[in-house]
1. What length, rounded to one decimal in nm, is gained on full extension from SER257 through to ASP138, with 0.36 nm per residue of separation minus their alpha-carbon distance?
2. Using each residue's phi in region 163-176, evaluate 6.51 cos²θ - 1.76 cosθ + 1.60 at θ = phi - 60° and report the 3J(HN,Hα) Karplus result to the nearest Hz, with x for Gly and Pro.
3. Using amide H atoms built 1.01 Å from N in the peptide plane, name the residues 5+ places from VAL184, or on other chains, whose amide H lies under 5 Å from its own.
4. Take every Cα pair under 8 Å in region 159-240 that's 6+ residues apart, average their separations, divide by the length, and report that relative contact order as a whole percent.
5. Using R₀ = 25 Å, calculate the FRET efficiency as 1/(1 + (r/R₀)^6) where r is the Cβ-Cβ separation of HIS109 and ASP156; round to 0.05.
6. Largest first and in whole Å, give the semi-axes of region 73-294's equivalent ellipsoid, each being the square root of 5 times a Cα gyration tensor eigenvalue.
7. Work out how much length GLN279 to ASP174 would gain on full extension: take 0.36 nm times their residue separation and subtract the Cα-Cα distance, in nm to one decimal.
8. Could you work out the relative contact order of region 168-209? I mean the mean sequence separation of Cα pairs under 8 Å and 6+ apart, divided by the number of residues, in percent.
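The numbers here are math on the coordinates, done by the rules we state, and not lab data. Predicted model, so just to flag it, every value in this text is computed and none were measured. When we count neighbours, we look across all protein chains shown, and the Cβ atoms used for this are built from the backbone with ideal geometry, even at glycine.
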Amino acid sequence: MPVRQITTLRRTKSNNRALERSVISSTHRPVEALVWPQLLALAAGGDIVRPVYAEAHQAFWNLYAPVATGHGGDAFVIGQLGQSLDGRVATATGRSHYINGPESIRHLHRLRALVDAVIVGIGTVVADDPRLTVRGVDGRDPARIVIDPNGRLPPDARMLADDGCPVFVVQGCDRPRPAWVTPVVVPPRDGRLDPAAIIAALSALGLRRLLVEGGAATVSRFLAAGMLNRLHLCVAPMVIGSGPIGISLPPIDHLDSALRPHTQVHHLGRDILFDCELQRPVAAPACSQDALLDGVES
Ligand SMILES: NC(=O)c1ccc[n+]([C@@H]2O[C@H](COP(=O)([O-])OP(=O)(O)OC[C@H]3O[C@@H](n4cnc5c(N)ncnc54)[C@H](OP(=O)(O)O)[C@@H]3O)[C@@H](O)[C@H]2O)c1
């Protein structure tokens, strides 16, 4: 069946430069071919696009459009973790490849392609040596950022590749880094780096759409500080039974205090993705970063 696509463009009253676009599409055209290019254009600051898609295409759009648009001039921060049914993000020996299936891995690469920068904690770099590039989907590589307050970053870490992509190290004091790496100094508070201060420092560098990709301690710190706009939890049908858990926040006494984000569910192959919309700041109980880390197995 031939692909049918009708596009209408019209100028809005409020902003005659903004275009409102309706796309009525055949469901036979893959989302990757039809919707993904629109999302990449949106992330690149293209026209305001308000498509009307068939159901499956619309779900794909709804999942990624908030990341592609961000919050205009304000920072937009999304956290992600892949975990087992019992909430583990790795084995007891630190192996996390691959809890999630290929569809979820493509999802993670799509998120990378839509943001300005991807952030990981130094624990993830030491354990996994990730490249943090976009592979398997169309899109440009984001800037790469590691939070490394104690100078543990191996000089041959793959995320430090001198490939023309900006690389940043968030640290609490001056430390020598390779010439092509930009240190971002965030003064520590109680020995920790405040996620709000990290986001402010990165925003000042023009990095406003941020993906906090792991590990569990780093994502949990951003969540506890109320600094996540969205959280993607990708649950694989697997029980690991031991090893570090994902989200870990300070204890609460009553379920009234639990976070209850507005959540959409998506199927990614055999995995289930929970797309959680959080209000920033999140009403998380005040805690010291030490208390938070005590609750994270590693
Ligand atoms: N399943 C998944 O989605 C996924 C994703 C990523 C990683 N992983 C797995 O998770 C494990 C690593 O995670 P992890 O939780 O141990 O480590 P992590 O979150 O990658 O890194 C934590 C470390 O980063 C530094 N850090 C992060 N935020 C900071 C802040 N606000 N202030 C000061 N320091 C900060 C600290 O370094 P210092 O210790 O030097 O103080 C902290 O101990 C590995 O096994 C990896 O395979 C799983």
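1. Computed gain between SER257 and ASP138 is 38.8 nm.
2. Values per residue, Gly and Pro as x: 10, x, 8, x, 10, 10, 10, 8, 8, x, 8, 5, 8, x Hz.
3. Residues meeting the amide H criterion: VAL169, VAL170, GLN171.
4. Taking the mean separation of contacting Cα pairs over the length of region 159-240, I get 18 percent.
5. Calculated transfer efficiency: 0.60.
6. Whole-Å semi-axes of the equivalent ellipsoid: 25, 22, 17.
7. Computed gain between GLN279 and ASP174 is 34.4 nm.
8. Result for region 168-209 is 31 percent.
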